[in-house]
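Read-outs throughout are calculated quantities, based only on the coordinates presented, and are distinct from any laboratory measurement. These numbers were taken from a predicted model, which means no experiment stands behind them. Here the Cβ positions follow ideal geometry from the backbone for every residue, glycine too, while neighbour counts run over all protein chains shown.
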Amino acid sequence: MKILQFGKTGQVATAVQAAVRDGVEVIALSRADCDLENPEAIRAAVLAADCDLVLNTAAFTHVDPAEARPDEAFAVNATAPGAMAAACAERGLPFVHLSTDAVFDGLTDRPYVETDEARPINVYGRSKLAGEQAVLAHPKAVVLRISWVFSRYGRNYVSFMLKLAREREVLKVVADQFGTPTDGEALAAFLVATAPRWAAAPVGDPVFGLFHFANAGETSRFDFAKAAIDRDPQTKARLEPTTQAAFAEPAPRPPRTPLDTSKLQSVFGFTPEPWRLAVERTAERLV
Ligand SMILES: NC(=O)c1ccc[n+]([C@@H]2O[C@H](COP(=O)([O-])OP(=O)(O)OC[C@H]3O[C@@H](n4cnc5c(N)ncnc54)[C@H](OP(=O)(O)O)[C@@H]3O)[C@@H](O)[C@H]2O)c1
């Protein structure tokens, strides 16, 4: 089982490479190997690869800079995955792509299901939604929407909060943004374990299409941070709740984007772990 992976150094890319097990090989492409702003290079990489499945973990993930650099965000988050999917379709290869809860406006009173209308409120969300639409034109495409990803790898909310809490006396954290954290290592294990199933599935199989992947439950940014730092003996910061508006960031954030994972559970038999357990375990491994 060989996976061609776009992205080598990012958080999820690293977690996938750490999750490989016997019988699975990941050929990871960095920016130097293939720049995602070059669709021809993407097509050439897919057509030339000796692989059974293509996975895209790379993206323009800088939510605030995306407001000032929409062309780059759309090139990397929409045109590039579209080119990957089209090249996979040429070869009949399955293509697995990652998207985000930021495709939603956050004005919901219940967790989002895959059929809810996506109405992104910032450039990053709009570019990721355009990517989903381009990718899903391929009948053997899989799009997993994930949210608030954390792991032992890369720069992420849990590692960042642990670092800040050791450096500062007071840590102001947004208490009016709600969502579902996603354990990047559980995601990586799921991707590696499911790859053979995707590779063997025919067009029309329910394993293809759009899915939400996240841990169980819902939390605020504030309680997410608290769970991350609570057990670190070197934490010196006191957490203080603040609002999203007080941060005045360039990109607006959707206020509430919990993801309902019922479809994932019924198609793949995957049971997500409660978010707090996964956050506490990851934080313990990081300190
Ligand atoms: N992290 C989250 O909380 C979160 C939440 C929801 C969805 N997601 C989605 O999950 C996926 C993985 O996210 P992540 O957290 O692993 O992201 P990440 O750590 O920011 O990694 C993104 C990777 O994309 C690469 N990249 C960016 N522009 C590129 C280009 N022009 N050519 C080639 N490579 C390029 C980066 O390479 P360089 O290192 O060279 O810049 C980096 O390795 C993305 O699709 C993201 O949208 C993430």
Can you name every residue in the stretch 124-137 that is buried (at least 24 other Cβ atoms within 10 Å of the Cβ) and not charged (D, E, K, R)? TYR124, GLY125, SER127, GLY131, VAL135
Going through LEU187, LEU162 one at a time, which residue ends up being over 24 Å from ALA246 (Cβ atoms) and assigned to a helix (DSSP H, G or I)? LEU187
Go through the residues of the stretch 95-113 one by one and say whether even a single one is under 30 Å from ALA200 (Cβ atoms), over 19 Å from the mean Cα position of the chain (by Cα) and of a type outside the set (A, V, I, L, M, F, W, C). no
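Per-residue answers, yes or no, for (1) farther than 21 Å from THR61 by Cα; (2) among the acidic types (Asp, Glu); (3) within 15 Å of the chain's Cα centre (by Cα):
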| site | (1), (2), (3) |
| --- | --- |
| HIS138 | yes, no, no |
| VAL142 | no, no, yes |
| VAL149 | no, no, yes |
| MET161 | no, no, no |
| VAL173 | no, no, no |
| PRO181 | no, no, yes |
Okay, helices (runs of 4 or more DSSP H) sitting entirely in the stretch 199-287 with 2 or more residues that are among the aliphatic types (A, V, I, L, M) and either without any contact (Cβ under 8 Å) to a residue 12 or more places away in the chain or surrounded by fewer than 20 Cβ atoms within 10 Å (Cβ to Cβ) (or both), I get 244-247, 275-286
Is one or more of the residues making up the stretch 141-152 crowded, with 18+ Cβ neighbours inside 10 Å, part of a loop (DSSP other than H, G, I, E, B) and hydroxyl-bearing (Ser, Thr, Tyr)? yes
